[in-house]
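Participant: Here's a structure for you.
The values are calculated or read from the model by the stated rules, or taken from the named source; none is laboratory data. On a predicted model such as this, the values are computed, not experimentally measured, just so you know. Backbone-built Cβ (ideal geometry, glycine too); neighbour counts: all protein chains shown. Protein only, heavy atoms only, side chains kept; ligands, DNA and RNA dropped before computing areas. Shrake-Rupley method; radii C 1.70, N 1.55, O 1.52, S 1.80 Å.
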Amino acid sequence: MRIARFSTDGGMAFGVVEENTIAVIAAHPFGELEFTGQRLPLADVRLLAPILPSKVIAIGKNYAEHAREMGGEPPAEPVMFAKPSTAVIGPREAIAYPEKLTRRVDYEGELAIVIGRMVREVPESRAHEAILGYTCANDVTARDLQKKDGQWTRAKGFDTFCPLGPWIETEVDPSDLAIRTLVNGEVRQDARTSRLEHDIPALVAYVSQVMTLLPGDVILTGTPAGVGPLEIGDEVTVSIEGVGDLTNRVIARD
């Protein structure tokens, strides 16, 4: 099932994408879905970020090849950091390049976990019970500021630096999915989620030991090797097998 958040002239709603239509649901996508009976052509709506999380927790250096391209080895435990909810944008929304503050902005394509119920200290064996589904993410990063600051809040936290979408896929097995990032149609990252150092259950359990996870919270699972710079005017797509394609264009920040 593909759960989307969308807008029309009548406002914002959630719905289930079925081929070229979207079946509107009455409220939020948590728990049993209640359909309104309204069905809209997908071409007539604008897809938004599929969820507005209370927090986005991201995992660094979770593919060995990426850890090495960044000059180190994969850590024994997940490296956890946060991106503000104000960084979230949806498909086809613009990534704003803050030229006055940074000289290098990188793409980082990732599989994102969307939490479906409140959990705290959930064991790995029950982590699947906390998950609503999966979406595509781009952990956009001001690479020079990341190196300069020595910690990642500013580099990862700019408005528009967390594209999510196009929807939440609830039925895919995330253990071995192809994940690619393309810039202007050229493949820059190409890997599989089976190469994650810490897998999905381990990440959900690990994060929940630290903080309570709420419905709609997002965990970014890490990016594979091949990260690189974006330029103003570029179009970047994160494509994940069985989930979908997330495309955003880079513009200059006002």
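Participant: Mind putting a number on the dipole of region 1-127 about its Cα centre? Charges go on the C-beta only, +1 for Lys and Arg and -1 for Asp and Glu, and I need it in Debye to the nearest 20.
Facilitator: With only Lys, Arg, Asp and Glu charged at Cβ, the dipole is about 340 debye.
Participant: Using +1 at the C-beta of Lys and Arg and -1 at the C-beta of Asp and Glu, which of 115, 160, 216 has the Cα lying farthest in the positive direction of the dipole of the chain?
Facilitator: My answer, from the dipole projection, is 160.
Participant: With θ set to phi - 60°, apply the Karplus curve 6.51 cos²θ - 1.76 cosθ + 1.60 along region 90-95 and write out the HN-Hα couplings as whole Hz, x wherever there is a Gly or Pro.
Facilitator: x, x, 6, 7, 8, 7
Participant: How far apart, in nm, are the 7 Å Cα→Cβ label points at residue 120 and residue 211?
Facilitator: About 1.4 nm separates the two model spin labels.
Participant: I need the Kirkwood Rh of the chain: take the reciprocal of the average 1/r across all distinct C-alpha pairs and report it in angstrom.
Facilitator: Evaluated over the chain, this radius sits at 18.2 Å.
Participant: From the protein chains alone at 1.4 Å, what is the descending order of accessible area for 148, 55, 61, 100, largest first?
Facilitator: Largest to smallest exposure gives the sequence 100, 148, 61, 55.
Participant: Given a 1.4 angstrom probe, I'd like the percentage of the accessible area of region 143-191 that is carbon and sulfur, rounded to a whole number.
Facilitator: 45
Participant: When the solvent-accessible surface of protein heavy atoms is calculated with a 1.4 angstrom probe, in what order do 93, 19 fall, highest first?
Facilitator: The residues order as 19, 93, largest area first.
Participant: For every helix of n ≥ 4 consecutive DSSP H residues, a contribution of -39,500 (n - 2.57) applies; sum these over the chain, divide by its total residues, and give [θ] at 222 nm rounded to the nearest 500 deg cm²/dmol.
Facilitator: Calculated mean residue ellipticity at 222 nm is -3000 deg cm²/dmol.
Participant: Quick one: of the DSSP bridges fully inside the chain, what percent are antiparallel, nearest 5?
Facilitator: Counting DSSP beta bridges with both partners in the chain, the antiparallel share is about 90 percent.
Participant: Another question about this same structure. Bin by bin, in steps of 10 Å, what percent of the Cα pairs in region 1-104 do you find, going until the bin that has the longest distance?
Facilitator: For region 1-104, the pair-distance distribution reads 13, 29, 27, 20, 10, 0.
Participant: Over the C-alpha atoms of region 157-203, what are the Rg and the largest Cα-to-Cα span, Dmax, in Å?
Facilitator: Both quantities, over Cα of region 157-203: 13.2, 34 Å.
Participant: Between Rg and the Kirkwood Rh of region 55-123, both from Cα atoms, what is the Rg to Rh ratio?
Facilitator: Reported Rg/Rh, Kirkwood definition of Rh: 1.00.
Participant: Between region 1-41 and region 54-85, how many Å separate their Cα centres?
Facilitator: 33
Participant: Now a separate question. Evaluate Rg over Rh across region 74-190, taking Cα atoms for both radii and Kirkwood's formula for Rh.
Facilitator: 0.98
Participant: Ranking request for peptides 36-45, 191-200, 23-32: highest mean number of other beta-carbon atoms within 10 Å first, then the rest in descending order.
Facilitator: Per-residue mean Cβ counts within 10 Å order the peptides as 191-200, 23-32, 36-45.
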